[in-house]
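Note sheet for the following structure.
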Amino acid sequence: MTIEDCRSLYAEGMKFAANLHSPRLVEVFARLPRENISRPGPWEIVSPDVRALAACGAAPNSYTQVDDPRQLYRNVVLLQLLQASTRL
């Protein structure tokens, strides 16, 4: 699967997960290279479910390191983006 395929699938998933009604916004998700809005890989990712459990103290907050940018086009939290936003 190409990275473009991953972006398209991610955009379609976001369309339903966020109940998006704007085709242009879905297109933005399909075209925006997530790997370019963060530091160069490898990246650390975690599922939102694991983060929620960790916030409640029910599970450790464990991140997985990935170096394939296609892994960023899943329902995951990208640690480097969180770190960058806390410095603003």
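What follows draws every value from the coordinates through simple rules; no lab data is involved. What you see is a predicted model, and the numbers here were worked out from it, not measured in a lab. For neighbour counting, all protein chains shown are included, and Cβ atoms are generated from backbone atoms with ideal geometry for every residue, glycine included.
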So how do 70-76, 37-43, 56-62 stack up, highest first, on mean other-Cβ count within 10 Å?
70-76, 37-43, 56-62
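Please report, in cubic angstrom per residue, the volume enclosed by the convex hull of the alpha-carbon atoms of the chain. The partial results should precede the final answer.
Values: hull volume 10.3 nm³, N = 88.
Once divided by residue count, the hull of the chain is 117 Å³.
Once a ≥ b ≥ c are taken as the square roots of the eigenvalues of the Cα gyration tensor of region 15-62, is the result rounded (a/c under 1.5), prolate (a/b larger than b/c) or oblate (a/b not larger than b/c)?
Values: a/c = 5.03, a/b = 1.47, b/c = 3.42.
It is oblate, given that a/c is not under 1.5 and a/b is not larger than b/c.
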How far apart, in nm, are the 7 Å Cα→Cβ label points at Leu25 and Ala54?
2.8 nm
